[in-house]
Amino acid sequence: MNKNILFIGANGYMGHGMSLNLLKQNNLYVIANRQRNNIANLIKEGAKEINSYEEIKNLNLDCLMLCVTNTPIAIEIANNVSPSLKRTTLVIDLTTHNKHGAIEMKNIFNKYNVSYVVSPVMGSKNESLKGILGSIWGGDQDKFNESKIYLDTFCKNIFNFGDVKKASAAKLLSNFLSLLTTTTVIEYFKSAEKLDVDWKKLFEVAKLGSGNSGALNRIAEKAISGDYKGYTFSVSNTLKDLTYINELLKDLPQAEKFSSIAKTFYEESVEKGNGDFLISELIQKEKY
């Protein structure tokens, strides 16, 4: 493709893998960050580093990608970068937003006639590195094929949900299912340990029934051997997503109750100082 792309968030678990795949066919720029390991690796592989958003106006960007922690950070970045973008630059936002976040982002870029789409991803750090993530896409439909040019470098499947609002809701609903399932798996193994039930046998039993899931397999196979880092998503990020999910579901009482229970679980964990742990580590860190 040989496109000029700026990736904001390349230092993260997912952003690093996506950036490495983009680098194979494109000119990739990354923004300076205090977390140097992944940034340094990308520079070693050929990415170019910029030190401020002011430099964007000199880059002749075809695409700006954002993959940041939360909606407030994304909005702050959007306000900083939008005046410097060409009208032909496509903004692809990979961030998981709150209920109104994507609309707010779209409105910021619309002021400068810059096209904005959302495409939050699904998958793990390893799937990001392998370029086989899934993506939930939303935006103006005439931008879908252009978006695919970039997303196909690190996504195996791209699902078009229509506009940015629907796509953002679909991402939160997807996380609602996956995070509640994951939380159940964590409690499943903590309970088994408390009750002195063999983990390995219990895992084999679970795989034969309807309790089998991606979360179960990602966590259990490693946890059985003493590795509790099978699910590479932090406690603090989980709490953020469940807060967004809880807001989305506030008019659906039963669904809201489920999300509230899980949200409380992670609120208590953060209060105990476990926010930087991976959620699968809670099997070990928060025993009964």
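Odds and ends about this structure:
- Shape class for the stretch 54-119: prolate, because the ratio a/c of the largest to smallest gyration tensor axis (alpha-carbon atoms, square roots of eigenvalues) is 1.5 or more and a/b beats b/c.
- The label-point distance for residue 252 and residue 222, in a model that sets each label 7 Å from Cα toward Cβ, rounds to 3.0 nm.
- Tilt relative to the chain, helix 13-23 - C-alpha long axis, 0 to 90 degrees, to 10: 40
- Calculated mean residue ellipticity at 222 nm for the chain: -15000 deg cm²/dmol, from DSSP H runs with n ≥ 4 weighted as -39500 (n - 2.57), summed, divided by the residue count and rounded to 500.
- Peptides 230-240, 261-271, 113-123 ranked from most to least packed give 113-123, 230-240, 261-271, packing being the mean of other C-beta atoms within 10 angstrom over each peptide's residues.
- For the stretch 3-77, the set of chymotrypsin sites (Phe, Trp or Tyr not before Pro) satisfying both a DSSP loop assignment and a count of at most 14 other C-beta atoms within 10 Å is empty.
- Per-pair calculated FRET efficiency, R0 = 25 Å: residue 48 and residue 229 via Cβ, rounded to 0.05: 0.20
- Note on the chain: Rg/Rh from C-alpha atoms, Kirkwood Rh, equals 0.99.
- GNM flexibility winner over the chain from 15, 138, 226 (Cα, springs under 10 Å): 226
- Taking the average, over residues, of other Cβ atoms within 10 Å as the packing measure, peptides 101-111, 191-201 rank 101-111, 191-201 from highest down.
- Residues of the stretch 15-50 with amide N under 18 Å of the 7 Å Cα→Cβ point at residue 3: 15-31, 47-48
- Average Cα contact separation per residue, the stretch 169-285, under 8 Å, 6 or more apart, as relative contact order %: 34
- When the C-alpha to C-alpha distance is required to be over 22 Å, the pairs from 156/222; 99/125; 44/130 that qualify are 156/222; 99/125.
- For the stretch 21-68, trypsin sites (Lys or Arg not before Pro) are listed when DSSP marks them as loop and at most 13 other Cβ atoms sit within 10 Å of their Cβ; the list is 24, 34.
- On Cα atoms only, tilt of 253-271 relative to the major axis of the chain in degrees: 90
- Contact order for the chain, expressed relative to its length and based on alpha carbon pairs under 8 Å spaced 6+ residues apart, stands at 14 percent.
Laboratory data are not the source of any read-out in this text; all were calculated from the coordinates shown. Since the structure is predicted, the reported quantities are computational estimates derived from the model, not experimental observations. Positions of Cβ are backbone-derived with ideal geometry, glycine not excepted, and every protein chain shown enters the neighbour counts.
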